[in-house]
Amino acid sequence: MSRALVLGGGGPVGIAWECGLIAGFARAGVDLGRADFTLGTSAGSFVGARLALGAEAASLADPILAEGERAASAPRARGAERRPADLTFLMQKMAEAQGSLRNPAEVRAEIGQWALAADTMAEDDFIASFGRSFASLPADCWPERGYACTAVDAESGAFQLWTKESGVGVTRAVASSCSVPGVYPPVSIEGRRYIDGGMRSGTNADLATGHDLVVLVAVRTAAAAAGGAAERIAARLDEEIRTLKEGGSEVVVIGPDEASQQAFGANLMDFRRRPGAAKAGMAQGAAEAERLRALWT
């Protein structure tokens, strides 16, 4: 049986929750890190890469939990927080790209142009922040275990799936997938600039078609949104699940439970929420492990 793990986007808080969730499952005897194929978008690209590179699932959240311990014992620095970017334009364009009135690639190209002009940290600094997790790897390293992550060409709006066959390094591929427009800089790969793969979909789960079992972890769900955003999220997820099932896959969807949603807060980019999100994810994974045990093992 071929097993796929799909990890959706959700900012730094989403990374923390997914790490906690996977650790909770592993400690309860369900190791999602043993998937035959892992597909990551944005936050999920980072978590998925760590798993595909051999990180132990049960300890995946340990560095994030340690952040909470350090924060509790360290004095709070005044003025250390960067003012949040105004993402109103991004939200409007993402909604437009999910609609049916325009070519989605054209709208994504408009998002890309906005991202290229945005005042963010330098690209080298952004890459270096990911380098801490992949510091020992050669620049062209790619996981031997089945792994792919998603991005979008900032100029053309074309969707990009990074795989081993793409011939790029995992560090830059993951950074491109996590490049939230307006927050982080587009990432340069082979003469092109790339932004967050979540500009096509928060999960891109339809790309896992053909596997017998697909476990789909979605940070952003309709239950956590409101109004038109909830409808768009639900419609997109339903469409991807339908594609998977039509391809013969059994699909298990895991979204944040109520305690996890409370731990997230209102801003998935708020690093201060990471330890709490990891703890909530770990508790949820342990509680839901029985649901997956027979299928996964």
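Could you check region 176-199 and list, in sequence order, the residues that are at positive phi and not small (Gly, Ala, Ser)? Walk me through how you get there before you give the answer.
Filtering region 176-199 down to residues at positive phi leaves 182, 190-191.
Residue satisfying the conditions is Glu190 alone.
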- Taking the options Ala72, Ala77, name whichever one is outside any loop (DSSP other than H, G, I, E, B), at pLDDT below 95 and more than 20 Å from the chain's Cα centre (by Cα). Ala72
- Query: Under the condition of being in contact with a helix residue (DSSP H, G or I) (Cβ under 6 Å, 6 or more places away or on another chain) and either of a type in the set (S, T, N, Q) or open to solvent by 10 Å² or more (accessible area, probe 1.4 Å) (or both), which residue from region 34-61 is farthest from His211 (Cα to Cα)?
  - Reply: Ala58
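If you scan region 149-202, which residues turn out to be open to solvent by 40 Å² or more (accessible area, probe 1.4 Å) and among the charged types (D, E, K, R)? It would help to see each step written out before you state the result.
Step one: list which residues in region 149-202 are open to solvent by 40 Å² or more (accessible area, probe 1.4 Å), which gives 155-156, 158-161, 164-165, 167, 172, 188, 190-193, 200.
Selection gives Glu155, Lys164, Glu165, Arg172, Glu190, Arg192, Arg193, Arg200.
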- Does Leu268 satisfy the condition of being part of a loop (DSSP other than H, G, I, E, B) and either open to solvent by less than 80 Å² (accessible area, probe 1.4 Å) or touching a Pro at 6+ places or on another chain (Cβ under 7 Å) (or both)? yes
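Please specify each residue of region 188-199 satisfying the condition of being out of contact with any Lys or Arg (no Cβ under 6 Å at 6 or more places or on another chain) and hydrophobic (A, V, I, L, M, F, W, C). Before you say what the answer is, go through the steps one by one.
Start the filter on region 188-199 by keeping residues that are out of contact with any Lys or Arg (no Cβ under 6 Å at 6 or more places or on another chain), which leaves 188, 190-198.
If the condition is that a residue be out of contact with any Lys or Arg (no Cβ under 6 Å at 6 or more places or on another chain) and hydrophobic (A, V, I, L, M, F, W, C), then Ile195 is the only one that fits.
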- Lys245 vs. criteria farther than 21 Å from Tyr147 by Cβ and in contact (Cβ under 8 Å) with a residue 60 or more places away in the chain: no
- Message: Out of Ala289, Ala230, Ala205, Ala218, I need the residue that is without any contact (Cβ under 8 Å) to a residue 12 or more places away in the chain and either open to solvent by less than 40 Å² (accessible area, probe 1.4 Å) or of a type in the set (Phe, Trp, Tyr) (or both). Which one?
- Response: Ala230
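The values are calculated or read from the model by the stated rules, or taken from the named source; none is laboratory data. All of these numbers come straight from a predicted model, not from anything done at the bench. Positions of Cβ are generated from backbone atoms using ideal geometry, with glycine treated the same way; all protein chains shown enter the neighbour counts. Protein only, heavy atoms only, side chains kept; ligands, DNA and RNA dropped before computing areas. Shrake-Rupley method; radii C 1.70, N 1.55, O 1.52, S 1.80 Å.
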